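Asker: Dropping a structure here in structure tokens format, bear with me for questions.
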Amino acid sequence: VEDLVEQSRQTGMVVELAVQGEAREYAPEIEQTAFRVVQEALTNVHKHAAGAKVMVRLAHRDAEVAMQVENGAPDAAGPAPGAALPSGGNGLVGMRERVLALGGVFVSGPTDTGGFRVSAVLPHRDGPEG
């Protein structure tokens, strides 16, 4: 996730990252889904809300990992020319399907301040079973 935030910053986005709890290894499908949710959300901000400030939150909890990408209202200036972020190619529907398939919770929608928020919570188990 830190690499995604840095890639976004390199395109000119103003992105803040807040991490809560201790990072740990998760089952590959949990890690990949968390990565894809953040990746797709940042790509959507770049495409649809250029110039908006973005807050990425990642929380490592006992039985789950949660991520949230929230942007403010878009800048009227539009996207930066030539700047591009890789997309996971799933959009909001794909993100929701991935999260729900793992027993997680997915919520997305506009904020009261004119921005947009994508939130996902993925359950996990510690130990040899993942």
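Asker: Would you mind finding the one in GLY91, GLY82 that is modelled with pLDDT under 90 and open to solvent by less than 60 Å² (accessible area, probe 1.4 Å)?
Answerer: Within the list GLY91, GLY82, the selection yields GLY91.
Asker: Please find, among VAL65, VAL69, the residue that is among the aliphatic types (A, V, I, L, M), at pLDDT 95 or above and over 19 Å from THR113 (Cβ atoms). Spell out how you get there, then give the answer.
Answerer: Values: VAL69 fails: over 19 Å from THR113 (Cβ atoms).
Among VAL65, VAL69, only VAL65 is among the aliphatic types (A, V, I, L, M), at pLDDT 95 or above and over 19 Å from THR113 (Cβ atoms).
Asker: Name every residue in region 102-118 that is among the hydroxyl-bearing types (Ser, Thr, Tyr) and open to solvent by less than 30 Å² (accessible area, probe 1.4 Å), in order of residue number. Full working, then the answer.
Answerer: Here is the first cut: in region 102-118, the residues among the hydroxyl-bearing types (Ser, Thr, Tyr) are 108, 111, 113.
Answer for region 102-118, where residues must be among the hydroxyl-bearing types (Ser, Thr, Tyr) and open to solvent by less than 30 Å² (accessible area, probe 1.4 Å): just THR111.
Asker: Kindly indicate whether THR43 is closer than 21 Å to PHE106 by Cα, touching a residue at least 24 places away in the same chain (Cβ under 8 Å) and not acidic (Asp, Glu).
Answerer: Numbers: closer than 21 Å to PHE106 by Cα: yes; touching a residue at least 24 places away in the same chain (Cβ under 8 Å): yes; not acidic (Asp, Glu): yes.
Yes: the conditions hold for THR43.
Asker: May I ask you to list the residues in region 90-104 that are free of Cβ contacts under 8 Å to residues at least 24 places away in the same chain and closer than 26 Å to PRO74 by Cα?
Answerer: From region 90-104, those free of Cβ contacts under 8 Å to residues at least 24 places away in the same chain are 93, 96-97, 100-101, 103; that's our starting set.
Those that are free of Cβ contacts under 8 Å to residues at least 24 places away in the same chain and closer than 26 Å to PRO74 by Cα: VAL93, ARG96.
Asker: Restricting attention to region 11-22, which residues are open to solvent by 80 Å² or more (accessible area, probe 1.4 Å) and within 16 Å of the chain's Cα centre (by Cα)?
Answerer: VAL14, GLU16, GLN20
Asker: If you scan region 25-45, which residues turn out to be in contact with a Gly (Cβ under 7 Å, 6 or more places away or on another chain) and in a helix (DSSP H, G or I)?
Answerer: ARG36, GLN39, GLU40
The values are calculated or read from the model by the stated rules, or taken from the named source; none is laboratory data. Everything quoted here is computed from the prediction, not taken from an experiment. Methodologically, a virtual Cβ is constructed for each residue, glycine included, from the backbone with ideal geometry; neighbour enumeration extends over all protein chains shown. Note: areas computed on protein heavy atoms with side chains; ligands, DNA, RNA excluded. Shrake-Rupley method; radii C 1.70, N 1.55, O 1.52, S 1.80 Å.
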